[in-house]
Amino acid sequence: MKIKTINTLYAPENIGIGIVHIGLGAFHRAHQALYVEKNLNRNLGGDWGICAVNIRSNRLLVDQLKTQSCRYHIAEYTDSQHAELREVNAIRDALFAGEDKDALFEKLLSPHTKIVTLTVTEKGYYVTPSDKKLRCDDPNIQHDMQSPTTPKTAPGILVEALFRRKALGLAPFTILSCDNMPNNGEITRQAVCELASLRSEEFAKWIKENVAFPCSMVDRIVPAMTDESRARLQAELDCNDPNAVMCEAFSQWVVEDNFPLGRPDWELDGVQMVKDVHPFETMKLRLLNGSHSLLAYVGSTAKLSTVADAAADPKLVVLIRHYMTLEAAPTLNMPEGVDIQAYIENLIRRFSNDSLQHKLTQIGMDGSQKIPQRWLPVAENRLALNQEISAIALGVAAWLLYVRGESVTGQTHIVDDPMSQTFNEIHARNSDPESLIREMLTLESVFPESLRQDEGFFQSVLNSYLTLTTKGVVDCLQFDQPDTARFGE
Ligand code: CS2
């Protein structure tokens with residue numbers, strides 16, 4: 001095994017905090033914090049250190065990080081023989097802001113805080129996946145409406161912090177979403193402004209006019225850490241760090257360049273600072289994340305456990321090649337200079353990285369929040385042109401089966417999704433597949449109107465569901481290897 005180690009070059013104790021990050025998980029540690037680390041290394045210091053915060057879960061990680069002055073390691077695996085082990089000190093403080101958020105507000109109200117970044121997952125924005133409107137009926141949002149000074153949600157925290165900054169005459173920080181949603185900056189703005197307008201229209205108008213919500217596309221495969229992966233890091237890299245993260249070598253970050261209070265000179269650290277992130281976001285969401293979700297749901301009906309297992313199955317590779325090349329790619333406005341064929345082949349290589357034990361169940365969680373941006377715009381777009389959507393139909397069918405919580409052969413699994421209760425109820429009252437699929441496809445928060453009304457969509461999903469449940473997954477995987485010369489038709 002070839003291991004390269006990279007150490008911090010600056011003095012961590014001299015770093016100022018300019019960024020507050022909400023959502024301290026493995027992804028943040030392996031992605032954004034790495035770009036900040038590179039920036040601090042290159043500049044031999046600076047004031048763009050991070051205060052990383054968890055507002056709901058994972059207090060243990062915060063406590064553990066603090067016991068080692070927030071220093072941790074990233075293990076980047078190119079393959080099972082090549083890895084880079086990097087020391088990271090970019091996170092300068094960590095907070096768990098459960099019931100008591102005073103320390104968090106102190107940071108958010110500091111004039112030194114110029115940027116607030118977020119990785120709170122799709123559901124952490126409290127918007128309805130199909131139309132991206134704030135979910136005012138959610139109990140946590142209701143709480144934040146009634147008690148705005150003691151908020152529980154990320155949008156509520158941002159609104160209260162902006163309110164207090166405005167009252168103090170402090171310029172508002174820039175809010176940068178780093179979650180996998182198209183137009184993530186706009187979605188964040190929408191959630192924050194809707195909540196703020198309940199306090200006063202004038203305040204919401206002030207936010208609209210004064211707060212920047214740049215969009216960003218984030219990309220790096222970072223499986224959740226497990227005892228097994230920690231043991232591997234120890235055995236293979238001699239890394240005995242409970243807070244270490246393991247990920248692939250690939251990393252990409254494309255950020256809309258809109259930071260009124262300034263930003264790190266990230267363009268020198270490999271970040272693509274651009275005017276319009278949208279083509280990058282849709283490309284990545286529909287191709288990478290869309291294929292991931294296909295592998296997760298179809299792969300789990302084939303009883304596979306990791307992405308690498310699924311990518312080792314030739315039939316599943318044909319499925320995602322078909323999906324990407326023939327269904328998703330023709331719906332994209334590709335970013336300038338990107339060779340789509342090479343992008344697709346590179347994704348398949350990345351999925352085959354067998355040193356990452358990326359569990360299909362991790363990708364399968366929160367499907368109700370993910371598939372509306374990964375597959376459904378592709379389906380809408382293609383059905384409007386009378387084009388086939390067989391891979392997406394199979395994906396939706398496999399997902400609808402997955403959320404039953406019980407496989408065709410009777411094995412049960414946990415359905416980790418904010419809508420799991422609804423799925424349970426729908427499955428319980430529909431033993432007949434036709435009525436089941438009909439009712440599922442009427443879910444307004446998931447399916448846009450055009451798909452809810454599309455008989456062709458219903459039939460395709462139903463056919464796949466019937467084949468999946470009566471004949472099995474192998475019969476569903478009769479896709480032809482796409483002829484790449486036909487690409488873009
Ligand atoms: C995955 C993503 O869990 C999921 O839904 O599709 O976390 C994926 O690994 C990243 O977006 C890759 O950049």
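The values are calculated or read from the model by the stated rules, or taken from the named source; none is laboratory data. Predicted, not measured: the structure shown is a model, and the values here were computed from it. Cβ coordinates were reconstructed from backbone atoms using ideal geometry, including for glycine residues, and neighbour counts include every protein chain displayed. Note: accessible area is taken over every heavy atom of the protein model, side chains too, but ligands, DNA and RNA are not part of it. Shrake-Rupley method; radii C 1.70, N 1.55, O 1.52, S 1.80 Å.
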| Simple Cβ-charge dipole of the range 172-215, Lys/Arg +1 and Asp/Glu -1, about Cα centre, in debye nearest 20 | 60
| message | Projecting each Cα onto the charge dipole of the range 1-102 (Lys/Arg +1, Asp/Glu -1 at the beta carbon, about the Cα centre), which of Leu60, Gly18, Tyr77 comes out farthest on the positive side? | response | Tyr77
| query | Rank Val415, Val127 by accessible area, highest first, at a 1.4 Å probe radius? | reply | Val415, Val127
| field | Length gained when the stretch Thr470-Glu425 is fully extended (0.36 nm per residue, less Cα-Cα span) | value | 14.0 nm
| said: Given the whole protein assembly as supplied and a 1.4 Å probe, what does the accessible area of Glu209 come to in Å², nearest 10? | reply: 120
| field | Nitroxide proxy distance, nm - points 7 Å out along Cα→Cβ at Asp276 and Glu449 | value | 2.7
| said: Just to make sure I understand: if all protein chains stay in place, what is the order of His278, His358 by accessible area at 1.4 Å, largest first? | reply: His278, His358
| Once you sort the root eigenvalues of the Cα gyration tensor of the range 228-324 as a ≥ b ≥ c, which label holds: rounded (a/c under 1.5), prolate (a/b larger than b/c) or oblate (the other case)? | oblate
| query | Dipole magnitude of the range 376-489 about its Cα centre, charges +1 at Lys/Arg Cβ and -1 at Asp/Glu Cβ only, in debye to the nearest 20? | reply | 160
| If you roll a 1.4 Å probe over the chain with all protein chains in place, what percent of the accessible area is carbon or sulfur? | 48
| Cβ-defined net charge surrounding Leu61, 13 Å radius [Lys, Arg +1; Asp, Glu -1] | +3
| message | Which residue, Val222, Val245, Gln421, has the largest displacement toward the positive end of the dipole of the chain when charges sit on each Cβ (Lys, Arg +1; Asp, Glu -1)? | response | Val245
| said: Not counting ligands, DNA or RNA, and with a 1.4 Å probe, what is Lys4's accessible surface area in Å² rounded to the nearest 10? | reply: 110
| Using Cα-only point scatterers and the Debye equation, what is log10 of I(q)/I(0) for the chain at each q in 0.10, 0.12 Å⁻¹, rounded to two decimals? | -0.78, -1.13
| query | Where does each of 221-229, 36-44 land if you order them by average Cβ count within 10 Å, highest first? | reply | 36-44, 221-229
| Which one of Thr149, Leu168, Pro182 is farthest out on the positive end of the charge dipole of the range 116-186, using unit charges on Cβ (Lys, Arg +1; Asp, Glu -1) and the Cα centre as origin? | Leu168
| remark: For the chain, the dipole about the Cα centre with charges only on Cβ (Lys and Arg +1, Asp and Glu -1), to the nearest 20 debye, works out at 720
| remark: For the pair Ala171 and Asp227, the simple spin-label estimate (label points 7 Å beyond Cα toward Cβ) gives in nm 5.0
| request: Largest first and in whole Å, give the semi-axes of the range 278-486's equivalent ellipsoid, each being the square root of 5 times a Cα gyration tensor eigenvalue. | output: 25, 20, 16
| said: With a 1.4 Å probe and all protein chains left in place, how much accessible area per residue does the chain have, in Å²? | reply: 40
